[in-house]
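Here is the structure we will look at.
The values are calculated or read from the model by the stated rules, or taken from the named source; none is laboratory data. Source: prediction; values computed, not measured. Positions of Cβ are generated from backbone atoms using ideal geometry, with glycine treated the same way; all protein chains shown enter the neighbour counts.
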Amino acid sequence: MSKVALRCESVTVNYGALKAINNVSHEFLEGRVYGLIGPNGAGKTTLLNVLAGRQLRHEGKVYCGEQEISQLPAFERARLGIGRSFQITKIFGDMTVTDNLLIAAQSVRPGAQPFWISHGFDRKLREQLDSILELTGLTEHRHEIAGTLPYGLQRSLELGVTLLPNPRVLLLDEPLAGIGHHEIHAAMALTVITILGR
Amino acid sequence: MKLSKFDILFGLCLAFIGLLLPFSNPRETLIQLITLAAIWSIFAIGFDFVFGSLGMISFGHATFLGVGGYALSLATQKYGLPFMAGVGLAIFLGAVFALLFSFFALRVSGIFFALVTLALSQLVFILADSKLRSFTGGSDGILGVERPSLLGIDFFDPINFYWFVLAIYTLVMLAVISLRSSPFGRVIAAIRNNEIRADQLGFNVNRYKQITFVISGALSGLAGALLASLLMYMNPQMLHWTTSGDVIIMTLLGGSGTLWGATVGVIAFEFLKEWLSSWTEYWYGVLGMIFILVTIFVPRGIVGELERMYSTRQKRLDLRQRRAK
Amino acid sequence: MSTIVIGLSLGMLLFLLAAGLTLIFGMLGVINFAHGAIYMLGAYVSFEVGKQTGSFLMGVIAAITITGVLGAAVEKLSLRPLYERPHFYQLILTFGLILVLSDVVRYIWGSGYQEVSIPPLWNGTVDMLGSTIPVYRLFVIGLGVVVSTLLYLFLEKSTFGMLVRAASSDAEMVRILGLPVGTIRMAVFSIGCALSGLAGAIAAPLFPVELGMATNTIIDCFIVVILGGLGNIRGAIAASLMVGMVRALGYVYMPSWVDILTFSLLILTLLTRPQGLFFRAARSA
């Protein structure tokens, strides 16, 4: 009997008069893959926001394992192992690909960070980058500024940044959104590999 | 953010000038001016820590500067503490006030943040000017603030005091360079780039902003103490919100977010002020006009533009080299 | 009673100032730090023209005109290039403007303070409800009511007002519809400055006209605008009356605490309702 990784109970979200989510309850079991499918405006991103901690104003409860996390802010949920990628790419646009991934690596221990130049610390971080760089096909681009990458590669970086901290629960918000015709195969392959690898 | 070639080159130039200056037999007024510039640079660096790194405009920094100045003045004059203890107190109180301000100001963002810091700052000014007059000396101020007393050196000699201030400035710059290139600095840059992403990854963004603000306050407090010591006088004017306005002008002139922008901005401001006031008594207005023009046409500031020109030149050279192969 | 009248008149003056500021912010997203400096300019202009022509009315009209034109020029020449950039550039530019205006005023009129006497038409006192009330104070209150009504009619009922509200909501859309967004922005900034100039001209007989006006009044302005909610004109009315009353009562009963009271009110508001005491969810810049 698989354990419950994430659970929502009677979640309702109202935006003024609009009921974006109406009394949703679901159990998400460990080791399983779930797809949330619906037309535009169905409330998919809203539900993801409730689960990931971006939408705290809601009725009902959210659980991670046994722990109730309904009002836990997003950064605390990340520390519990919940990772989330965004529909509208949110990467660190003015920083290099490497720096983007270094931040993701640093987020594994998000508490006190060294405030001095620490080569040892950085070296250990960099070792974690290689596998993700390969997976996302960004190895040749690792010194480029993230904001200058073509959109498909930015989406790959988005996924890379989300994956690197090795979250227990992975929430992907429309991972293929906005990807052009010629990039769609690579993107789909990456998504499949990611999911299979877990 | 790693140290760039530009940063190192520029820093070496500044170091060269700074170290050679006392040996060129300068006028006392020039030494005083450069010392003043170094102190204001520490203040501007403190301010840009919040503005350049996180894009938050604070009008509250005059408070941290003034609190530092009063801390030193009162510690040495009223309570007879040694100079360095006064400086330590100034740094501590600058940090404490910054923490206090951040408690109110970080609840809101953008314009509101600026206005909250402005309101809090003005409140402190009014208190210092009126209610706490017995403590601060009101608008008459405190006369005869001390110079350091270390190793028997006479720091009333402007050149000796200059070395003292230069040493502190160097320490501050080293600390800033270290912070910028550190993992901590990287997180700050990430928060600036995309706060939501940093938050979703697990960083307590508010805590980081608070820490940055506190460091900024500590630096400003240090500057305030040094300023009071330089002028040998302390009064509430340092706390007025227009002082915060001045440091904003200096930072923007030099280029916010860059390593040397704060220092260059201060030097540019002070020299412009000296030059302009020699032929008009309305130099502040002319400076305001120059500032407006800089804001419109040179938004990156002096150092920002220099950096851009340098990196464009580098890219052109790289391209030529690659074509030659 | 006279304290209440003073409080109301102070409130109305604050409203004239705050209305301009909140209008500019609400419609353009610009915090005009120079608002106090323009108020100061209005006061000086009305003093000068009043002195030259002997007519208070001419002084007021001159103040409104000059500040209005100045506002339009500032918007067109210096703020317009900055709209694409982050907001703080505009904010800092208006700070630079304070320096320029202050020295221009100092150049023309020197550093001393000037006095404007109450115009003979509104001079004198009236006995009302047991107190002696200066007529000029009642005039200020009346003017405030008239201006706020006109402002309301303009924004809510006129075509141009509708354009202004539309442009503040979605400037791009308005531009695509072929309407002159630039002109609308210039007009809004101009009106905001003109209101400030009017406030200066009206305040001149009540307070010493001096350089400090530029940096002192702006703080009160901000307090009112924050309490009322940025961009919220109705909130600005309520907040200015409130602050005006607090000041008036404070001056009578505990003069050395007035400023501290006002600031404490501000800080309390910021802690509990940072969007303003009279926040309406619809407003955004």
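Descriptive notes on the structure:
- Any chance A:Gln113 is under 17 Å from B:Leu201 (Cβ atoms), touching a Pro at 6+ places or on another chain (Cβ under 7 Å) and either crowded, with 17+ Cβ neighbours inside 10 Å or among the small types (Gly, Ala, Ser) (or both): yes
- Residue count for the range A:10-27, restricted to those that are surrounded by fewer than 16 Cβ atoms within 10 Å (Cβ to Cβ) and not hydroxyl-bearing (Ser, Thr, Tyr): 9.
- Inter-residue pairs, beta-carbon under 7 Å, first more than 11 Å from chain A (Cβ to nearest Cβ) and in the range B:166-194, second among the hydroxyl-bearing types (Ser, Thr, Tyr), 6+ apart: B:Tyr169/B:Ser41
- Scope the range A:113-138; condition farther than 16 Å from B:Leu179 by Cα, among the aliphatic types (A, V, I, L, M) and touching a helix residue (DSSP H, G or I) at 6+ places or on another chain (Cβ under 6 Å); matching residues: A:Leu125, A:Leu129, A:Ile132, A:Leu133, A:Leu138
- Some residue of the range C:72-88 being surrounded by 13 or more Cβ atoms within 10 Å (Cβ to Cβ), more than 14 Å from chain B (Cβ to nearest Cβ) and in contact (Cβ under 8 Å) with a residue 60 or more places away in the chain: yes
- From the list C:Ile98, C:Ile118, C:Ile66, the one residue that fits, being surrounded by fewer than 20 Cβ atoms within 10 Å (Cβ to Cβ), within 24 Å of C:Gly36 (Cβ to Cβ) and touching a helix residue (DSSP H, G or I) at 6+ places or on another chain (Cβ under 6 Å), is C:Ile118.
- All positions within the range C:130-166 that are buried (at least 16 other Cβ atoms within 10 Å of the Cβ) and in contact with a Gly (Cβ under 6 Å, 6 or more places away or on another chain): C:Leu155
- Any hit, the range B:229-242, residues being under 27 Å from B:Ala15 (Cα atoms), within 14 Å of chain C (Cβ to nearest Cβ) and surrounded by 24 or more Cβ atoms within 10 Å (Cβ to Cβ): no
- The range B:295-306: number of residues that are surrounded by fewer than 21 Cβ atoms within 10 Å (Cβ to Cβ), assigned to a helix (DSSP H, G or I) and without any contact (Cβ under 8 Å) to a residue 60 or more places away in the chain: 5
- Helices (runs of 4 or more DSSP H) (entirely within the range C:203-285) containing at least 1 residues that are within 14 Å of chain B (Cβ to nearest Cβ) and modelled with pLDDT under 80: C:258-272
- Count of the range C:96-120 residues which are under 18 Å from C:Val49 (Cβ atoms) and within 14 Å of chain B (Cβ to nearest Cβ): 7
- Among the residues making up the range A:128-160, those that are over 23 Å from A:Gly178 (Cα atoms) and within 14 Å of chain B (Cβ to nearest Cβ) are A:Gln128, A:Leu129, A:His143.
- Single residue of the range A:32-59 satisfying the filter (surrounded by fewer than 12 Cβ atoms within 10 Å (Cβ to Cβ) and over 17 Å from the mean Cα position of the chain (by Cα)) that is nearest to the other protein chains (Cβ to nearest Cβ): A:Arg57
- Condition check for A:Gly152: of a type in the set (Gly, Ala, Ser), in contact (Cβ under 8 Å) with a residue 24 or more places away in the chain and either in a helix (DSSP H, G or I) or more than 18 Å from B:Asn193 (Cβ to Cβ) (or both): yes
- Filter result for A:Leu125 (assigned to a helix (DSSP H, G or I), of a type in the set (A, V, I, L, M, F, W, C), at the interface with chain B (Cβ under 10 Å from one of its Cβ atoms) and under 25 Å from A:Arg54 (Cβ atoms)): no
- The one condition from (1) facing chain B (nearest Cβ under 10 Å); (2) in a helix (DSSP H, G or I); (3) more than 15 Å from B:Ser181 (Cβ to Cβ) that A:Asp94 does not meet is (2).
- Helices (runs of 4 or more DSSP H) fully within the range B:76-173 counting 3 or more residues that are closer than 21 Å to B:Ala218 by Cβ: B:83-105, B:111-126
- Yes/no for B:Val50 being within 14 Å of another protein chain (Cβ to nearest Cβ) and either farther than 29 Å from B:Asp157 by Cα or crowded, with 18+ Cβ neighbours inside 10 Å (or both): yes
For (1) closer than 30 Å to B:Gly185 by Cβ; (2) assigned to a helix (DSSP H, G or I); (3) away from chain C (no Cβ under 12 Å), each residue gets a yes or a no:
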{"position": "B:Ser244", "(1), (2), (3)": "yes, yes, no"}
{"position": "B:Val266", "(1), (2), (3)": "yes, yes, yes"}
{"position": "B:Ile292", "(1), (2), (3)": "no, yes, no"}
{"position": "B:Arg308", "(1), (2), (3)": "yes, yes, yes"}
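- Test for C:Gly59: is it away from chain B (no Cβ under 11 Å), crowded, with 22+ Cβ neighbours inside 10 Å, over 23 Å from C:Ile233 (Cα atoms) and at pLDDT 85 or above: yes
- Residues of the range A:60-91 satisfying the condition of being away from chain B (no Cβ under 11 Å) and not in a strand (DSSP E or B): A:Gly65, A:Glu66, A:Ile69, A:Ser70, A:Gln71, A:Leu72, A:Gln87
- Among the residues listed as B:Ala114, B:Ala98, the single one being without any contact (Cβ under 8 Å) to a residue 60 or more places away in the chain and under 30 Å from B:Gly52 (Cα atoms): B:Ala114
- Residue in the range A:176-188 that is away from every other protein chain (no Cβ under 12 Å) and part of a strand (DSSP E or B) present: no
- Test for C:Asp127: is it modelled with pLDDT of 90 or more and either crowded, with 17+ Cβ neighbours inside 10 Å or part of a strand (DSSP E or B) (or both): no
Residue-wise test of (1) under 19 Å from the mean Cα position of the chain (by Cα); (2) of a type outside the set (Phe, Trp, Tyr); (3) over 21 Å from B:Leu12 (Cα atoms); (4) buried (at least 22 other Cβ atoms within 10 Å of the Cβ).
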| residue | (1), (2), (3), (4) |
| --- | --- |
| B:Ile248 | yes, yes, yes, yes |
| B:Gly254 | yes, yes, no, yes |
| B:Gly257 | yes, yes, no, no |
| B:Gly265 | yes, yes, no, yes |
| B:Lys273 | yes, yes, yes, no |
| B:Leu276 | no, yes, yes, no |
| B:Trp279 | no, no, yes, no |
| B:Tyr282 | no, no, yes, no |
| B:Ile290 | no, yes, yes, no |
